[in-house]
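This is the structure I have questions about; it appears just below.
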Amino acid sequence: MRRNRGLELAASYVGAVVGAGFASGQEQVHFFARHQSGFGALPLGSGILSAGLLFVLFGVALADLVFRYQTCSPRDFLEKLVPQSLCTVYDWLMTSFIFWSFSIMLAGSGMLFKQTIGVSQTTGILLTAFVTVLVTASGTGGLFAVNLIMTPLMVAMPVLVAILSVWKNIRGFSMPALAGRHTGMYLSVLAPSWPMSSLLYVSYNILLAIGVFASMGKDIPDRVAARQGGILGGVSLTFFLVAIQSVFIVYGRSVIGEELPMLKAASYHGALISKGYSLALWFAMVTTSLCALFALSQRFSSHNSTPSLSLVVLIAAVACLPAQLGFARLVGTVYPIIGYLGLPILGSILLRFLESSMDSKQRF
């Protein structure tokens, strides 16, 4: 059977972006909760819809460029985007961000295991790190396979919780009191308006996606598969965003103040939905951890398709240390800063994509 590389690329795109912060709703709290009212003609929020469109645009642009350049590492890709004097700076910036994203996924898994089955946070971190190491050591084949298996449930569960929440609200079911802890963290001045929130949100997520896409440039068979993967992945992320925002509109502060807001919302729909969402949330953490660890191993190796086991274990062991700092704290501080630093990369990707598209038209 012929492999659908476009579908595999889309699953990897979603897997790279949808991690603990995304699927738990914690990222949306920090970037979009303060703009949850006053949407005007767009009930789900201008920021959410704009971010979805940007995910589609930059997904297509990124996949198209890595195929064109046949890259095998983030460094290869960056050399095509920025002047040589800045290449090293942004290479290390992106490497640092991918590392911190991996550590944040481990922190989220520790919190998830602690809340759902009562084991220690360290146990959850180590278990997720162990699974991530095993799959990453198998190379791109294992990465593609796990993303294809885990991504459907990751996307389906937030949509299911959103449908149930909106349906119950419409039918007049008793909603939980709009109380709950209100940390105020989402009122950060780093994202003062919905246009800036959308840009920053997409910026740091695309930096992580670069780490994955750039390592797969030689595995993409043609431009059609590249663009198909970018479109399908971007549309899936948009549905994901809309689903989570719909839940926030229904439940408000009763979930926003939680460490894992969407898991709290899922708990309102019974034990089966809550357990299903816990599994989907762990899948989201694992897929992003896989993408991050694979990208890091490629960065520090000779770019072989199957990275060295000792290198993978070393990276995972180091990432477990800052994971102890706490999930929400890491999401609220690391991501906005990286978003600002990544804006020049976003601009370079768009410019190179437009140039590439114009060159292709001129050939015809």
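Quick check on this structure: which one of Lys275, Lys264 is in a helix (DSSP H, G or I) and buried (at least 20 other Cβ atoms within 10 Å of the Cβ)?
Going through Lys275, Lys264 in turn, just one is in a helix (DSSP H, G or I) and buried (at least 20 other Cβ atoms within 10 Å of the Cβ): Lys264.
Answer with yes or no whether Leu293 is in a helix (DSSP H, G or I), of a type in the set (A, V, I, L, M, F, W, C), touching a Phe, Trp or Tyr at 6+ places or on another chain (Cβ under 7 Å) and at pLDDT 80 or above.
Criteria met by Leu293.
From the list Gly217, Gly229, exactly one residue is part of a helix (DSSP H, G or I) and over 22 Å from Phe102 (Cα atoms). Which is it?
Gly229
Out of all the residues in the stretch 109-135, which are of a type in the set (Ser, Thr, Tyr) and either over 20 Å from the mean Cα position of the chain (by Cα) or not in a helix (DSSP H, G or I) (or both)? Write out each step before concluding.
Filtering the stretch 109-135 down to residues of a type in the set (Ser, Thr, Tyr) leaves 109, 116, 120, 122-123, 128, 132.
Thr116, Ser120, Thr122, Thr123, listed by residue number.
Next question, about the same structure. Would a scan of the stretch 100-108 turn up a residue that is buried (at least 19 other Cβ atoms within 10 Å of the Cβ) and either outside any helix (DSSP H, G or I) or among the hydroxyl-bearing types (Ser, Thr, Tyr) (or both)?
Within the stretch 100-108, one or more residues are buried (at least 19 other Cβ atoms within 10 Å of the Cβ) and either outside any helix (DSSP H, G or I) or among the hydroxyl-bearing types (Ser, Thr, Tyr) (or both).
Here's another thing I want to ask about it. When residues of the stretch 69-92 are filtered for being part of a helix (DSSP H, G or I) and touching a helix residue (DSSP H, G or I) at 6+ places or on another chain (Cβ under 6 Å), how many remain?
Number satisfying all stated conditions: 11.
Show the residue pairs that are 6+ apart or on different chains and have beta-carbon atoms under 9 Å apart, the first residue being within the stretch 63-86 and on the phi > 0 side of the Ramachandran plot, the second being assigned to a helix (DSSP H, G or I) and crowded, with 20+ Cβ neighbours inside 10 Å.
These pairs meet every condition: Gln70/Gly217.
Residues of the stretch 123-142 being out of contact with any Leu (no Cβ under 6 Å at 6 or more places or on another chain) and modelled with pLDDT under 85, which ones?
Matches in the stretch 123-142: Ser138, Gly139, Thr140, Gly141, Gly142.
The values are calculated or read from the model by the stated rules, or taken from the named source; none is laboratory data. Only a predicted model underlies this, so the values are computations on that prediction, with no experimental measurement involved. Note that we place each Cβ from the backbone using ideal geometry, even for glycine, and neighbour counts take in every protein chain shown.
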